[in-house]
Amino acid sequence: MSAMLLGGRYQVQDKIGAGGMATVYRGLDEVLGRTVAIKTMLPQYANDPSFAARFKQEAQAAAALQSPYIVSVYDWGKDADTYYIVMEYLRGTDLKSGIRKHGALDCKKVAQIGSQIAQALSVAHKHDIIHRDIKPQNIMVQPDGNIKVMDFGIARAKNSHLTQDNSVLGTAHYVSPEQTQGKELGPTTDIYSLGIVMYEAATGQVPFQGDDAISVALKQVNEQPKPPSQLNPNVDPQLEAIILKCMQKSPADRFQTADELYRTLRDYLAGRMQAVNSATAMLPVQPTNKLERGAKPMGGGTATMPRTERTGRFYAQSATAQAAEEEAERQRKHRRNVILGVIGGIAVIALVIAAIVAVIGSGTEMRTVPNITNIPVDEAIEQIEANGFVAGEPEYTYNDTVEKGIVCEQDPAAYREMPEGSTINFKVSNGPTPIEQVVVPDLRNKTQEEAEQALKDANLAGNRGTDEESDEIDEGRVSSQDTEPGAKVDAGTTITYHISSGAGQKVIPNVIGDSQSSATQRLEDEGFEVSVSEQYSTSPEGTVIDVYPGVGETAAAGSTVTITVSIGVQYVSVTDVRGWTGSQASTALTNSGFYVVIAGPSDGIVVSQSEIGSAPYGATITLTTEAQQPQEPQQPDTGTDVPSGDGNSTTNGGGATVQE
């Protein structure tokens, strides 16, 4: 078919796949200039009106499914004797090939893939479409890691009466027990198959294997799968519980909707384990009963023939041989049940088709139900009435994938033929399901272990951010958190917190010359403790004259910095040294902390001095001497200096004698 042009627009190029009903080619949309996938019906089916209708239905149904996780259908048509569907061309590899190449996937990746498939199925089920062939070969993993569900080739509208015959639909390794037995199918059928897909992705192998399709199908009905963790110890109990709940033999024991499964997987990925645990609690503890001889099949399946007692035997049969024969008989009986169940299902469908034909022949005008999903409610009502139907009362429901105010479900499904005047019921999205709001706990001053436990108890997730220096919180404890304590957030939200690495090193600012209060405030603002000492100086009283450690040096935040504050000038008494020799007078005054200048011979007699009584400590005193015979000097006062009248104590200081 290479180089064929379909619909005057689609150029058929390379063959890229084939299925039971159709062949798939890579093609080119010559109008839009884009690469597409073109699915053409096989010649042996093209002339069959029922299959042609089936093909048309698939195209119309698939075109109504809008999801980032479902392959998009662009167009469909008939060119000469060829029916075709134009679809999105996907790049990547199917999940089956990925598992064969890489083996079992990690739990998070399995859950991510499962949640995306569940979202795709949710959209299909809300259009009353059951895929019925969910398997890794129909899951395309794209280069960005996201998936697309492909091939609704055996999908059918839940209320449709078009079906394939002569086979058990689906692939034996992935079909549900009810498919195997030819029973009525529902959304839980796809959920069972998705459970097996996740089982295989998590373990690298399918749960049931056999020599042929029938033996595998019988195991789907009668045998319980090994827990995935027995095949891959890295499968955690929570994901294992989700997978096994999907794979329950009874549809009533599985997740009832794809939305429910998606929310559970979403909670698992977010660490909200209480939802997963509640799902686990609903797993039945008793094994599913096997199909026994003489049992009546459920759901309208064909009844099995009662066993006829064997007579006329001329030999004794051992108990072991009898048990073996009974087991073989049971296996044969199951095979008959499968075949008879399918035949019975086809018979029921034929009767329904006949009923529809009878209605059409009665003169009642039939009309095609419009597709009213994914449009505003007002537009939906207009379309219903414009097509000759009656709009039912809108039912509002939460929907995680459809915007608020948009129709998310309809009943009956789009494109069905219904009598004019029939009521079309529909549901309108109220937006995403509200998520529980929880209060953020105070993590400050907790250890990391304590913080994580507090978050877990509050149904939140934790994330350790960058460690930070803290002057207030001890090293190894939470110093801050990005979301304030007491704030309300969605359950499962990740709260980032920071661990203290201890006090940081701070630079000591220059506070010399500042007042005591100003210097103290500046140092405390930098995170230091402040100690104060006092000292006489010529600097103004109350000003800082020294700091330790020194200005510009670094010290740990919280450590102590000592500032020295001036208490003003120190006055000390001046000894009257007149009549002393210059050298005697100089020694006495120097010992009192003064500088001495001698005007005259140093061995002369002091006849005058510049300061008498008291003077500032360290002041300069000038002595005038003359060369005379000295008188007997009075005993020098070299004891403790006498404080000045302000009551301050004196401190001996060094001095110097200068002779002029």
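Within the span defined as the range 498-517, one or more residues are over 30 Å from E452 (Cα atoms) and of a type in the set (K, R).
Taken over the range 582-613, residues that are free of Cβ contacts under 8 Å to residues at least 40 places away in the same chain, in a strand (DSSP E or B) and crowded, with 18+ Cβ neighbours inside 10 Å amount to 3. I need the full set of residues from the range 479-518 which are on the phi > 0 side of the Ramachandran plot and free of Cβ contacts under 8 Å to residues at least 60 places away in the same chain, in order please. Within the range 479-518, G486, G502, G513 qualify. Among the residues of the range 7-21, is any outside the structural domain of V407 (by TED's automatic domain parsing), within 30 Å of T401 (Cβ to Cβ), without any contact (Cβ under 8 Å) to a residue 12 or more places away in the chain and within 37 Å of the chain's Cα centre (by Cα)? Checked the range 7-21: at least one residue is outside the structural domain of V407 (by TED's automatic domain parsing), within 30 Å of T401 (Cβ to Cβ), without any contact (Cβ under 8 Å) to a residue 12 or more places away in the chain and within 37 Å of the chain's Cα centre (by Cα).
In summary, strands (runs of 3 or more DSSP E) completely within the range 369-432 and bearing 3 or more residues that are at pLDDT 90 or above and closer than 29 Å to L261 by Cβ occur at 407-411, 423-429.
The strands (runs of 3 or more DSSP E) located wholly in the range 450-537 that include 3 or more residues which are farther than 21 Å from I563 by Cβ occupy 461-464, 478-481, 488-490, 494-499. Out of all the residues in the range 432-439, is one or more touching a residue at least 40 places away in the same chain (Cβ under 8 Å), surrounded by fewer than 15 Cβ atoms within 10 Å (Cβ to Cβ) and among the acidic types (D, E)? Looking for residues that are touching a residue at least 40 places away in the same chain (Cβ under 8 Å), surrounded by fewer than 15 Cβ atoms within 10 Å (Cβ to Cβ) and among the acidic types (D, E), one finds at least one in the range 432-439, hence yes.
State whether one or more residues within the range 420-430 are within 30 Å of E475 (Cα to Cα), out of contact with any Ser or Thr (no Cβ under 6 Å at 6 or more places or on another chain) and loosely packed, with under 15 Cβ neighbours inside 10 Å. Within the range 420-430, none of the residues are within 30 Å of E475 (Cα to Cα), out of contact with any Ser or Thr (no Cβ under 6 Å at 6 or more places or on another chain) and loosely packed, with under 15 Cβ neighbours inside 10 Å.
Residues that are out of contact with any strand residue (DSSP E or B) (no Cβ under 8 Å at 6 or more places or on another chain), assigned to a loop (DSSP other than H, G, I, E, B), modelled with pLDDT of 50 or more and closer than 24 Å to L231 by Cβ: does the range 176-190 have at least one? The answer is yes, given that some residue of the range 176-190 is out of contact with any strand residue (DSSP E or B) (no Cβ under 8 Å at 6 or more places or on another chain), assigned to a loop (DSSP other than H, G, I, E, B), modelled with pLDDT of 50 or more and closer than 24 Å to L231 by Cβ.
Go through the range 51-152 and tell me which strands (runs of 3 or more DSSP E), entirely inside it, have 3 or more residues that are not hydrophobic (A, V, I, L, M, F, W, C).
73-79, 82-88
Taking V86, is it in contact (Cβ under 8 Å) with a residue 60 or more places away in the chain and either under 30 Å from I424 (Cα atoms) or buried (at least 21 other Cβ atoms within 10 Å of the Cβ) (or both)?
Taking the combined requirement at face value, the residue satisfies it.
One residue stands out in the range 82-136 among those that are closer than 14 Å to A62 by Cβ and β-branched (V, I, T): the one that is nearest to the chain's Cα centre (by Cα), namely V123. Scanning the range 614-631 for residues that are more than 20 Å from T538 (Cα to Cα) and touching a residue at least 40 places away in the same chain (Cβ under 8 Å) yields L623, T625, P630, Q631. Picking from residues in the range 506-549 that are among the aromatic types (F, W, Y) and in contact with a strand residue (DSSP E or B) (Cβ under 6 Å, 6 or more places away or on another chain), the one that is surrounded by the fewest Cβ atoms within 10 Å (Cβ to Cβ) is Y548.
The values are calculated or read from the model by the stated rules, or taken from the named source; none is laboratory data. Everything numeric here is computed off the predicted structure, so don't read it as measured data. Virtual Cβ from ideal backbone geometry, glycine too; neighbours counted across all protein chains shown.
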